[in-house]
Amino acid sequence: MLAQNFQGAREIGKPKNMTDEECGGLPIFQAYSEKPEEPPQFAAAGVIEGTQYPFTLTHWMPSKEDLDALNSGRGLWVRFLSITVYPMAVFTLDEAGQINQ
């Protein structure tokens, strides 16, 4: 999959000890949300009193090869570059910008 820039995102750079072939920058959006499943257009950026869910969001587009694999029944893999697995979500949006169920 290919990381995509999106409205409100800022790019974080690759680790200094890695080459461009090993790693690239990543556009991210960070904010706080009242609900963990809210996409960025429904989240308020910055610290809000009483907010429970800080999050970082990235946007990825499947390549032709990714779509071929998914359409043939092969799964989607998520790799954490950590031994700690933090709460996360993988989702798509419908035409109205709502999270698909």
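Here are the numbers for the structure shown:
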{"read-out": "Residue that is modelled with the highest pLDDT, among those in segment 1-50 that are within 23 Å of V90 (Cβ to Cβ) and β-branched (V, I, T)", "value": "I12"}
{"read-out": "Residue match in segment 56-63 (condition: at pLDDT 85 or above, surrounded by 11 or more Cβ atoms within 10 Å (Cβ to Cβ), part of a loop (DSSP other than H, G, I, E, B) and small (G, A, S))", "value": "yes"}
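The values are calculated or read from the model by the stated rules, or taken from the named source; none is laboratory data. Please read all numbers here as calculations on a predicted model, not as lab measurements. Glycine gets a Cβ as well: all are built from the backbone with ideal geometry, and neighbour counts include every protein chain shown.
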